[in-house]
Structure formats: structure tokens, C-alpha cells
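What follows is one structure encoded as C-alpha cells, with my remarks underneath.
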Amino acid sequence: MAKTLFADRMQRIKPSPSSAASQRARELKAAGRDIVSLTVGEPDFDTPAHIIEAAIIAMRAGQTRYTTVSGTNELKQAIIGKFQRENGISYAANEVMASTGAKQIIFNAFMSTVQSGDEVIIPAPYWVSYPDITLLAGGKPVQIDGRMESDFKLTPEALEAHITANTRWLVINAPGNPSGAVYSEAELLALAEVLRRHPRIWVLSDDIYEHICFDGQKLATLAAVAPDLKERILTVNGVSKAYAMTGWRLGYCGGPAALIKEMSKLQSQSTTNPNSIAQAATVAALEGPQDFLETLRSAYQRRRDIAIEMLGAVEGLQFSRPSGAFYVFVGCEGLIGRKTADGKVIESDRDLAEHLLEFGGVAVVHGAAFGLSPWFRISVATSDDVLRDGLSRIAKACAVLQP
Ligand code: PLP
């Protein structure tokens with residue numbers, strides 16, 4: 001048999017399905033089709049001016065060289081200050097690091113800890129990259145399906161039932177992409193109770209949507225709620241979503257010094273330090289004026305409200321009210337089995353997403369990409385007008401489906 005040119009590990013992973021959906025929408029638009037894309041996972045705001053200014057000043061001041069692999073001292077101090085001020089977690093300088101996006105933090109963490117056969121518990125629906133990074137590291141993703149009735153949140157019973165001798169990590173992501181779920185302190189304490197019985201398990205708490213919490217809620221994070229578990233928790237965050245800085249590629253974390261040391265070693269053999277200019281900009285983001293956060297948060301909350309009102313009027317769809325992030329995860333079981341005008345049967349969420357795109361001219365990401373079917377995700381990170389247009393296209397495209 002002919003040998004493939006590419007490494008076996010490449011057979012285990014797939015390109016990000018959400019990026020693929022955005023790309024498809026862009027291609028159709030470029031070909032002249034009238035398409036509204038509700039696929040993107042990034043803020044539709046520009047990076048605040050004072051952050052851009054800090055980057056320009058850094059470049060002019062010659063901060064254009066390699067830095068320490070894990071980040072400059074200034075950045076580490078800013079990260080330590082952020083965790084202390086906003087989360088009440090104390091980290092020392094050797095317990096924090098910065099990488100090229102939160103994605104690289106997660107990559108570093110799993111690649112430096114997950115052995116072949118190790119299991120990573122991932123509550124579904126999940127952000128598309130957790131299972132693939134686990135697979136790349138040689139581990140086994142263990143999915144726990146969430147239920148809409150409990151806002152897709154992991155319960156202590158489900159966690160306990162999925163733990164084995166091989167469990168290495170549990171992933172908690174709140175506000176969740178795509179669910180928008182936020183855990184209360186009591187819910188995290190109940191999970192902590194289970195984790196105390198299983199000392200081998202580490203927890204990756206992905207708090208990247210921390211500042212996008214609705215209805216007066218504030219994010220509770222595990223290392224703050226259960227400080228006795230701090231030595232087993234990697235708290236992940238970044239500036240992409242909070243400060244509209246997705247393109248700058250800067251993520252950071254706090255965790256046990258021994259883990260941070262291994263993650264930095266891995267990073268030293270891949271990308272070295274994160275971009276020096278983005279590091280300076282991140283210091284300005286974390287330490288500068290924070291009023292921008294409220295501007296974004298309230299815009300997303302208003303759009304969430306628009307989305308749930310308009311989707312609520314569409315027969316056949318169901319969803320729970322997101323408490324944060326900028327997505328709505330929509331159930332479409334009620335439309336499965338219906339037919340399009342040309343007689344095609346909608347058999348899956350993929351078929352429905354295809355119909356929404358082809359007939360409705362609106363792009364969404366099908367739920368299987370996030371581990372749950374039949375669902376789809378819409379992003380509300382777009383202007384109110386575009387969002388309304390996209391949602392009314394969804395309504396029209398659903399209405400033409402015949403039982
Ligand atoms: N974690 C979650 C839940 C995300 O949705 C994303 C981006 O979509 C990331 C992490 C990665 O963020 P970054 O841009 O910092 O790599």
C-alpha cells in the first residue's frame with residue numbers, strides 16, 4: 001500500500017468547522033451571492049485606540065525583539081494583577097505565561113501532559129478545538145452531552161460517571177462557546193467536591209469570554225471558588241474576545257509552576273515568545289481604562305435579546321437563554337424530517353445549515369461541529385441590522401419547510 005506523505009497524527013484531526021463555515025460564506029459572497037454570515041467567533045468592534053497607541057509606542061521604543069519565552073516581566077505583572085484584581089487568585093511570576101492566543105496555551109497544556117490513552121473530559125456542546133488538540137496530543141476526548149434543560153452545564157453526577165483511571169483533564173468553559181452557559185459558585189463547588197475525590201485530574205478552566213456575562217452576572221472561576229484545588233487548575237484567558245484583539249494573538253494563563261515550566265519549554269521549541277508588540281498592547285489592555293468592556297458587553301446583551309426574541313417566534317426551533325458569550329445554540333429537532341420546496345428531506349443539522357445557506361442566504365455553523373446534533377450555532381457578534389436580517393432569513397427559510 002502506498003505510504004501517505006503526511007504524519008499519522010494528521011489523520012486524527014480536521015480543519016476547524018467554524019472557520020470552514022465562515023470561509024464558505026465568504027466564498028459565496030465573493031461569487032456575488034447575497035449572504036449574511038452569522039458564523040464568526042470574534043467581536044465586530046475595533047481594538048480600542050489606547051491599546052493600538054501602546055503598540056505603536058512599543059515599536060518606536062524598539063520593543064521589536066525576542067522576549068523571554070513565557071512573556072515580558074511587564075506583561076507577567078499585568079497578568080498577575082488582572083488575576084488578583086478581577087478573580088481574587090494570587091499567582092507568582094513563575095505561575096503565569098503568555099502565548100500566541102489562548103489556543104496555543106491549550107495546545108501547550110495538552111501537548112505537555114497528555115500521554116497516549118489519557119482521557120480528557122469535554123462537556124458538549126464544546127469549542128471545536130478541545131477534542132482535536134486532545135487527539136493531536138495522543139489522548140482520548142471523552143464527551144459528556146449537556147442538556148438544554150440544565151443550560152448544557154456539566155453536573156457532578158455526570159462528571160463522576162465519566163471519570164476513569166485514565167482521566168487526566170476536565171475542561172470547563174464558561175461563558176461557554178457555543179452554549180453561553182455560566183456556572184454559579186454553588187455549581188462549581190459541587191464539581192470541586194467530585195474533583196477532590198480524584199486527585200490525578202487537572203482542570204482547564206477556559207475563561208476567555210469572562211467579560212461577556214449578561215443580566216448582572218459575574219464569572220465565577222474554579223481556582224477562586226475552590227482554592228484548595230489551585231495546584232491542579234490551569235486558568236486560561238486572553239485578550240481576543242474581551243478587548244476585540246483576535247488578530248493580535250495573545251492569550252495567557254495561571255497555573256502550577258511545574259506545568260507552566262513544561263509549557264514554556266514546549267513553546268520555546270515552537271513559536272518562542274508571543275509577538276513582542278502584542279505583549280506591550282496587552283499590558284495596556286489589562287492595565288488601561290476598562291470602560292470599553294461595558295460597551296461591548298451591553299451590545300452583546302442587546303443582540304442576544306434580539307436573537308432570542310426573533311428565534312422564539314420560529315416554529316420548530318428551541319434554545320436556552322445564553323448567560324454570556326456571543327452565541328445562541330439553537331435546537332432544530334422540530335425541523336428534522338421536513339422537506340424543502342424541491343422535495344429534499346432535512347435529515348440532520350448539516351442539511352438544515354445547508355438549506356439556510358442555499359435557500360435563505362444565511363450562514364450558521366451546524367451543531368455536530370460542537371459535538372451535539374441536531375443543533376446549530378449563530379453568532380450575534382455583528383451589527384443589530386445584520387443580525388435582524390440574518391434572523392429573518394432563518395425564519396423564512398424554516399417556514400418554507402413542509403412536514
Ligand atoms: N477558547 C474558546 C472557548 C474560544 O471560543 C476561542 C476562540 O474562538 C479560544 C479559546 C481561542 O482564543 P484565542 O484567540 O485567544 O486563541
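The values are calculated or read from the model by the stated rules, or taken from the named source; none is laboratory data. Since the structure is predicted, the reported quantities are computational estimates derived from the model, not experimental observations. Quick reminder, even Gly has a Cβ in these numbers, built from the backbone with ideal geometry, and neighbours come from all protein chains shown. Each accessible area value is taken on the protein alone, full model and side chains, heavy atoms only, with ligands, DNA and RNA left out. Shrake-Rupley method; radii C 1.70, N 1.55, O 1.52, S 1.80 Å.
List of remarks:
- Complete set of residues in the range 1-51 that are part of a helix (DSSP H, G or I), touching a helix residue (DSSP H, G or I) at 6+ places or on another chain (Cβ under 7 Å) and more than 16 Å from the ligand (Cβ to nearest atom): Arg9, His50
- Selection from the range 353-403 of residues that are among the charged types (D, E, K, R) and open to solvent by 10 Å² or more (accessible area, probe 1.4 Å): Glu354, Glu358, Asp384, Asp385, Arg388, Asp389, Arg393, Lys396
- Among the residues of the range 187-216, those that are farther than 21 Å from His162 by Cα, open to solvent by 10 Å² or more (accessible area, probe 1.4 Å) and of a type outside the set (Val, Ile, Thr) comprise Glu210, His211, Asp215, Gly216.
- Residue within the range 383-393 that is in a loop (DSSP other than H, G, I, E, B) and at pLDDT 95 or above present: no
- Residue within the range 85-104 that is more than 27 Å from the chain's Cα centre (by Cα) and either within 16 Å of the ligand (Cβ to nearest atom) or open to solvent by less than 80 Å² (accessible area, probe 1.4 Å) (or both) present: no
- Within the range 160-182, being assigned to a loop (DSSP other than H, G, I, E, B) and in contact (Cβ under 8 Å) with a residue 40 or more places away in the chain holds for Ile163, Thr164, Asn166, Ala174, Pro175, Gly176, Asn177, Pro178, Ser179, Gly180, Ala181, Val182.
- Residue check, Val203 under 20 Å from Ala242 (Cβ atoms), within 16 Å of the ligand (Cβ to nearest atom) and among the β-branched types (Val, Ile, Thr): no
- Residues in the range 107-159 that are open to solvent by 30 Å² or more (accessible area, probe 1.4 Å), within 16 Å of the ligand (Cβ to nearest atom), among the hydrophobic types (A, V, I, L, M, F, W, C) and touching a residue at least 60 places away in the same chain (Cβ under 8 Å): Met111, Trp127, Leu136.
- Of all residues in the range 189-199, one or more are in a loop (DSSP other than H, G, I, E, B) and touching a Lys or Arg at 6+ places or on another chain (Cβ under 8 Å).
- Candidates Glu53, Glu27, Glu86 - the one that is within 27 Å of Gly255 (Cα to Cα) and among the acidic types (Asp, Glu): Glu86
- Of all residues in the range 208-226, those being free of Cβ contacts under 8 Å to residues at least 60 places away in the same chain and either under 18 Å from Ile80 (Cβ atoms) or not charged (D, E, K, R) (or both) number 5.
- Filtering the range 241-252 for residues that are away from the ligand (no atom under 16 Å from the Cβ) and touching a residue at least 40 places away in the same chain (Cβ under 8 Å) leaves an empty set.
- Extreme residue, farthest from Met111 (Cα to Cα), among residues of the range 217-227 that are more than 16 Å from the ligand (Cβ to nearest atom) and open to solvent by 10 Å² or more (accessible area, probe 1.4 Å): Gln217
- Pairs where the first residue, in the range 67-84, is under 15 Å from Asp207 (Cα atoms) and charged (D, E, K, R) and the second is modelled with pLDDT of 95 or more and surrounded by fewer than 20 Cβ atoms within 10 Å (Cβ to Cβ), C-beta under 9 Å, 6+ apart: Lys82/Glu287
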